[in-house]
């Protein structure tokens, strides 16, 4: 009962956070700026929507194939349709309730493919760790190739921490910050070792150990080349679909692939913060466009909501379709199997 209440409160918090970001995005937009946003969307290249949705759908299909590869060491060979359907239904659930989608997609696949749910949960952990590493790589690439945008912004934001009143680098502040970081690391290590019997500390240790075990378990994957191929393909499709979305707006078409890279990096954070990225994704993209010299209230807002809508649309449409077909497909499959026996 207590866990259920906590889950509901957590869900309400993230939904409220999402609507807060929506409010922050639109609260200062004036009537003439709304007219500018509508004009920008009306003049957008509408034909780009189709390739964007196609690439996003293909990325989800590739994710399903990658998940099948992760299941091979378990001796499980689910049908591609069931795996793809489970992925899309999981995304649909995640759009409303964070992290519940992972449990749901494992549960519905286990129901029809004769595999334990807890075994599938292990594969999800590996997936999330690999995607986290990919996101870090995307951020590093964004800083390397768009250093004059991201790098200068970060330097300006965090550089002030190491400057004195004259604007010069303060080595005392640099040393002080270093001491704080080292102290925090040793404190965390001490707490984990000294108070490992406490429930919350145990959970934290399990998370850290789980990440390590997840990365280590990648070595048991039978088709490592195929796994790597689909991992790269998934993130390349994310990048290309984002870049295509940027090209759809005439005011942002000049940003090209480098702009798509930074938008993917920043937007991915928004997708993590709130359910389905509602509010957070458009807000972060709008703020990013300001770094490119574009008006965040008009062009930034238009682009943020355009990209978010495309990603959400494919999840909602395909999630509902696969939900409707999933049961029908497996009943028909079961009927055919019974007829073959007799």
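The values are calculated or read from the model by the stated rules, or taken from the named source; none is laboratory data. Every value quoted in this text rests on a predicted model; they were computed, and no experiment measured them. Neighbour counts are summed over all protein chains in view; Cβ atoms, including those assigned to glycine, are modelled from backbone coordinates with ideal geometry.
The table that follows gives values for the structure above.
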| item | result |
| --- | --- |
| Counted residues, the range 216-233 - those being modelled with pLDDT under 90 and either closer than 14 Å to residue 128 by Cα or out of contact with any helix residue (DSSP H, G or I) (no Cβ under 9 Å at 6 or more places or on another chain) (or both) | 5 |
| Selection count where residues are assigned to a helix (DSSP H, G or I) and farther than 17 Å from residue 329 by Cβ, scope the range 108-124 | 8 |
| Residues of the range 267-299 classified as over 19 Å from residue 57 (Cα atoms), surrounded by 21 or more Cβ atoms within 10 Å (Cβ to Cβ) and within 17 Å of the chain's Cα centre (by Cα), total | 11 |
| Test: residue 240 is under 23 Å from residue 91 (Cα atoms), under 19 Å from the mean Cα position of the chain (by Cα) and modelled with pLDDT of 90 or more | yes |
| Filtered residues of the range 94-126 (kept if without any contact (Cβ under 8 Å) to a residue 12 or more places away in the chain and crowded, with 19+ Cβ neighbours inside 10 Å) | 110 |
| Any hit, the range 142-164, residues being in contact with a strand residue (DSSP E or B) (Cβ under 7 Å, 6 or more places away or on another chain), assigned to a helix (DSSP H, G or I) and either buried (at least 16 other Cβ atoms within 10 Å of the Cβ) or at pLDDT below 75 (or both) | yes |
| Single unsatisfied condition, residue 77 versus (1) over 16 Å from the mean Cα position of the chain (by Cα); (2) crowded, with 16+ Cβ neighbours inside 10 Å; (3) not in a helix (DSSP H, G or I) | (2) |
| Filter result for residue 310 (modelled with pLDDT of 90 or more and either under 24 Å from residue 45 (Cβ atoms) or touching a helix residue (DSSP H, G or I) at 6+ places or on another chain (Cβ under 8 Å) (or both)) | yes |
| Which numbered condition residue 50 fails, given (1) at pLDDT 90 or above; (2) buried (at least 17 other Cβ atoms within 10 Å of the Cβ) | (2) |
